[in-house]
Amino acid sequence: PFCGAVCAGGLRLLLVAMAETASHADGLAFLKKTDENGLSLYSQLTDVLATILVSKPADALEAFETISQQVKASQFSAAATMVPPMPTEASAEESAWAAQDVALFKPSSEEEDGDGLAPPALLDEMALFEWAGVGLSREESFRVHTSLCKLQLSKKLATVRFFGKILGTGKDYYLAEAKYVDPPEQPEPDPDAPAPTVPAEEYGTGCNSCSYFVTNDPAAPWVELPNVTPGAIVAASLVRKFFTGDLSAEIRCYPPFPGVEKDYLRAQIARLVHGTTLCPSGKYRVSEEGDVEEVVKDDEGHVPLRNGAMGEPASWCHFYKGILAIGRTTNLPVVEEDDEDGEEPKPKGPEPEPEKPALLPIAGTAWSVLGPRHIGGGAAVSVSRCLMWPGAYAAAEMKEDKFANLYIGWGHPATDGINMQPAPPPIMADGDELTEMDDVPLEHENQAFQAAAEKALADGADE
Amino acid sequence: TLRHPCPSMEVGDVSLVASSGAVLSMSEKAALQSSVPLLKKQYRFGSVKLFGKIKGKSSDYLIAMGEESTGTKKYFFSLDAVTWAQLPELTAEMKALCAKLPAGLPFTGDISHAITLEAPEPAEDEEPSEPPTVTEEVRLAVAVETIEMECALAPTGALISSLADGHLKANPNYKGIDLTAAKSLSSYVFVNCQTPTSVLAGVAPADRLSSLASAESAVPAGSLCTRYDEATGAVQVRSLLWPGHVAFVKPGTPVHGYCYFGNAVKNTDIAFMLP
């Protein structure tokens, strides 16, 4: 009985001890797990406690985390004794950009002739837009301004304007609209290429009245975009793709776009320019030749608009002609059929759409005009924003006779949420008239080859 | 009230997203310097951050987010950055009504504007009920919550679970991520989306932090694009699904956040628009 009691008690103690050591050992093993530097939580805790006990700080509890961090930092780590790895490519890219950007701000070494060139008014325009909460940051505006000045001097541009920024998935596009002092020779159209059904407008007229330059970064060189064709404009109105930032990227879409991203960008710019460039009413008029010219202040009957009136849609008008459905601003000259029978000559093709002249007042539904915000001294900035092309803004300050246009967006018009992706065409069926024919027998097929070979042989024998 | 962890953006960080077109006017920036601290004091928030701007036809709404110490968040809107009004708490009925609105409908800019929807077919015995109306205030609240739920991003490591109740909050020991990591989408997590757990995985992880969906799992693939803005030194993550939403990180520093400047229109054509 005595042995039995001892055995029972001992067994229980043994079991309890075993259970304790199991959890104790597990816990200890967890604490002693070492990382790659040979440090473990156990060693860290012992070091921290040792440091505290040695230094006995007054506010040990408060300083516990800091002491722990300091102990961690003072541990030996193998990595610290080795040579650090080579700088990665990312840092090389960063310094490349920084070098390019610094070069932008250095004044040009040669004395370049800036006579006759109107400097870009970007900084003034951005000041106008800053009142509306639109635009770029000040540093970015200055960078773009400096870049435009350099572009103007290098290409001898009479006027250059910052059109805006189109955001892309990879990189963004900065766009500039310019007119040359001496327009360069336009490349001859390729004689082998088939003539387009709707020819492009001549350079200097209509959709091609200005040249457009684009760059991914203000410090990078500007690239001139080609002239726009009506086919591209019509195709661009059916396509809705994000820009990638690479001018030579393909556009994968349906209906297929005739060109690469460069042409798509140029077509969207044309649509934006002709749809969203505004000016205050009464500032310009159409001359007898059809050009838009500025109304001189001393002209009779010219009353410049006051700031208070700029809150009305009627005070704004489109600066350029509208684009027609064929992709041009002007209709093609009508070709009449010869009246051989003495009947009325009928124009070929459908009735041409009436042209949309320049300086039409804006539609109140497509634009939202914000009334003047007073900035003191009787001056006030009024801004109108386009609802059809979100991101297009026009601002005016009539007391100082200033107005500006800007676009910052993704480059697409607004949708009403309904996807207008067209369906592919139906699968081609067999033709209507199907006649059955027998297969050509092999001897007849071979006969033709044989005859040709004999003829060649005969010709060869003659020579 | 909504329980989300990481508040969106400090007012002073607007300069980091300016190159994506997200700017504030001078008067707004100046007014925010005083009206935000007042709002914080009035409601005793732990912090008040700027969510962004939702653009309407005639005017824009600035949206601010106030976070209490318990983690609950409240949203406010303002037309002039001076006076703030709280957006209403959302119920399931409100969200259902807003879902019936036509897509792409812009905000008017008038907070009391109401849209009347078609009345539901009445049951046989009931009289025809009045057609339900949705006010712009409710629409705004729904839009802000939807964008916050679908788009809010944070770098991994920036959030930790609170020991008390498991809600996520900012990690005070977060030191930042380096540039290479910042340019990769795998370094970001959606703050409000959990990874869908498969039925085979067994018990769902109790830790909400580890189950946050990675930004790489965004649907459709390619709807988030990263961009390193050398001038400001920040990496921006732009959403193509909600154009105007920008998350940013300044590599090497704990600065991060997100904001939305746009029309509150979801880009449903994104599948066709991706290059």
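The values are calculated or read from the model by the stated rules, or taken from the named source; none is laboratory data. Quantities reported herein were computed from a predicted structural model and do not represent experimental measurements. Methodologically, a virtual Cβ is constructed for each residue, glycine included, from the backbone with ideal geometry; neighbour enumeration extends over all protein chains shown. Surface accessibility is based on the protein's heavy atoms, side chains included, excluding ligands, DNA and RNA. Shrake-Rupley method; radii C 1.70, N 1.55, O 1.52, S 1.80 Å.
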Of B:Tyr61, B:Tyr75, the only residue that is in a strand (DSSP E or B) and either more than 14 Å from chain A (Cβ to nearest Cβ) or of a type in the set (S, T, N, Q) (or both) is B:Tyr75
Strands (runs of 3 or more DSSP E) wholly in segment A:135-228 with at least 1 residues that are of a type in the set (Asp, Glu), open to solvent by less than 50 Å² (accessible area, probe 1.4 Å) and under 28 Å from A:Trp97 (Cβ atoms) - which ones? A:173-180
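Among what's in segment B:244-274 and is free of Cβ contacts under 8 Å to residues at least 40 places away in the same chain and either polar (S, T, N, Q) or in a helix (DSSP H, G or I) (or both), pick the residue that is surrounded by the most Cβ atoms within 10 Å (Cβ to Cβ). Explain how you work it out, then say what you get.
Step one: list which residues in segment B:244-274 are free of Cβ contacts under 8 Å to residues at least 40 places away in the same chain, which gives B:267, B:269, B:272-273.
Applying the additional criterion that residues be either polar (S, T, N, Q) or in a helix (DSSP H, G or I) (or both) yields B:267, B:272-273.
Working: B:Asn267: 22, B:Phe272: 16, B:Met273: 20.
Within segment B:244-274, the match that is surrounded by the most Cβ atoms within 10 Å (Cβ to Cβ) is B:Asn267.
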Within segment A:25-51, how many residues are assigned to a loop (DSSP other than H, G, I, E, B) and either open to solvent by 60 Å² or more (accessible area, probe 1.4 Å) or more than 14 Å from A:Ser68 (Cβ to Cβ) (or both)? 6
In segment A:417-449, residue modelled with the lowest pLDDT [restricted to those that are open to solvent by less than 100 Å² (accessible area, probe 1.4 Å) and either within 14 Å of chain B (Cβ to nearest Cβ) or within 30 Å of B:Cys225 (Cα to Cα) (or both)]: A:Gly417
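Let's see how each residue does on (1) out of contact with any helix residue (DSSP H, G or I) (no Cβ under 7 Å at 6 or more places or on another chain); (2) open to solvent by 50 Å² or more (accessible area, probe 1.4 Å):
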{"site": "B:Glu10", "(1), (2)": "yes, yes"}
{"site": "B:Val14", "(1), (2)": "yes, no"}
{"site": "B:Met26", "(1), (2)": "no, yes"}
{"site": "B:Leu39", "(1), (2)": "yes, no"}
{"site": "B:Gln42", "(1), (2)": "yes, yes"}
{"site": "B:Lys53", "(1), (2)": "yes, no"}
{"site": "B:Thr70", "(1), (2)": "yes, yes"}
{"site": "B:Phe76", "(1), (2)": "no, no"}
Among the residues of segment B:200-229 satisfying the criterion of being at pLDDT 75 or above and in a loop (DSSP other than H, G, I, E, B), which is farthest from the other protein chains (Cβ to nearest Cβ)? B:Val219
Residue pairs, Cβ under 6 Å, 6 or more apart or interchain, first in segment A:118-140 and more than 9 Å from chain B (Cβ to nearest Cβ), second open to solvent by 20 Å² or more (accessible area, probe 1.4 Å). List them. A:Ala118/A:Thr159; A:Leu122/A:His145; A:Leu123/A:His145
Subset of segment A:229-241 (residues that are part of a loop (DSSP other than H, G, I, E, B) and open to solvent by 40 Å² or more (accessible area, probe 1.4 Å)): A:Thr229, A:Ser237, A:Leu238, A:Arg240
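What number of residues in segment B:159-186 are open to solvent by less than 50 Å² (accessible area, probe 1.4 Å) and either modelled with pLDDT under 85 or over 19 Å from the mean Cα position of the chain (by Cα) (or both)?
Count: 13.
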So which residues in segment B:41-58 are more than 12 Å from chain A (Cβ to nearest Cβ), more than 19 Å from the chain's Cα centre (by Cα) and in contact (Cβ under 8 Å) with a residue 24 or more places away in the chain, if there are any at all? B:Tyr43, B:Arg44
Residues of segment A:397-416 satisfying the condition of being within 14 Å of chain B (Cβ to nearest Cβ) and touching a residue at least 12 places away in the same chain (Cβ under 8 Å): A:Leu406, A:Tyr407, A:Ile408, A:Gly409, A:Trp410, A:Gly411, A:His412, A:Pro413, A:Ala414, A:Thr415
Restricting attention to segment B:19-33, does a residue exist that is under 20 Å from the mean Cα position of the chain (by Cα) and away from every other protein chain (no Cβ under 14 Å)? no
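Do we have A:Lys165 as without any contact (Cβ under 8 Å) to a residue 24 or more places away in the chain, within 18 Å of A:Trp389 (Cβ to Cβ) and either within 14 Å of chain B (Cβ to nearest Cβ) or out of contact with any Leu (no Cβ under 9 Å at 6 or more places or on another chain) (or both) here?
No: the conditions fail for A:Lys165.
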Could you list all residues from segment B:253-275 that are over 19 Å from the mean Cα position of the chain (by Cα) and more than 12 Å from every other protein chain (Cβ to nearest Cβ)? B:Thr253, B:Pro254
Anything in segment A:387-396 that is more than 10 Å from every other protein chain (Cβ to nearest Cβ) and surrounded by 23 or more Cβ atoms within 10 Å (Cβ to Cβ)? List them, or say none. A:Ala392, A:Tyr393, A:Ala394, A:Ala395, A:Ala396
Inspect all residues belonging to segment A:307-321 and state whether any of them is more than 30 Å from A:Cys149 (Cβ to Cβ), of a type in the set (Asp, Glu) and either in contact (Cβ under 8 Å) with a residue 24 or more places away in the chain or assigned to a helix (DSSP H, G or I) (or both). yes
What residue, of B:Ile111, B:Ile160, is out of contact with any His (no Cβ under 9 Å at 6 or more places or on another chain) and part of a loop (DSSP other than H, G, I, E, B)? B:Ile111
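Restricting to segment A:58-97, and then to whatever is among the hydroxyl-bearing types (Ser, Thr, Tyr) and in contact with a helix residue (DSSP H, G or I) (Cβ under 8 Å, 6 or more places away or on another chain), can you tell me which residue is modelled with the highest pLDDT?
Going through segment A:58-97, the residues among the hydroxyl-bearing types (Ser, Thr, Tyr) turn out to be A:66, A:68, A:74, A:77, A:81, A:88, A:91, A:95.
Narrowing further to those that are in contact with a helix residue (DSSP H, G or I) (Cβ under 8 Å, 6 or more places away or on another chain): A:68, A:88, A:91.
Details: A:Ser68: 87, A:Thr88: 63, A:Ser91: 67.
By that ranking, first place goes to A:Ser68.
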Reported set for segment B:133-158 where residues are over 12 Å from the mean Cα position of the chain (by Cα) and open to solvent by 30 Å² or more (accessible area, probe 1.4 Å) is B:Thr133, B:Thr135, B:Glu137, B:Thr156, B:Gly157
Selection status of A:Leu247, more than 28 Å from A:Asp115 (Cα to Cα), without any contact (Cβ under 8 Å) to a residue 60 or more places away in the chain and touching a strand residue (DSSP E or B) at 6+ places or on another chain (Cβ under 8 Å): yes
Could you list all residues from segment A:242-286 that are surrounded by fewer than 17 Cβ atoms within 10 Å (Cβ to Cβ) and within 14 Å of A:Phe319 (Cβ to Cβ)? A:Gly282, A:Arg285, A:Val286
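Does B:Gln194 meet the test of being modelled with pLDDT of 90 or more, touching a helix residue (DSSP H, G or I) at 6+ places or on another chain (Cβ under 9 Å) and more than 9 Å from every other protein chain (Cβ to nearest Cβ)? Show your work before the answer.
On the way: modelled with pLDDT of 90 or more: no; touching a helix residue (DSSP H, G or I) at 6+ places or on another chain (Cβ under 9 Å): yes; more than 9 Å from every other protein chain (Cβ to nearest Cβ): yes.
No.
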Note down all Cβ pairs under 7 Å where the first residue falls in segment B:145-171 and is farther than 17 Å from B:Phe248 by Cα, the second is of a type in the set (Ser, Thr, Tyr), and they're at least six residues apart or on different chains. B:Leu168/B:Ser161; B:Lys169/B:Ser162
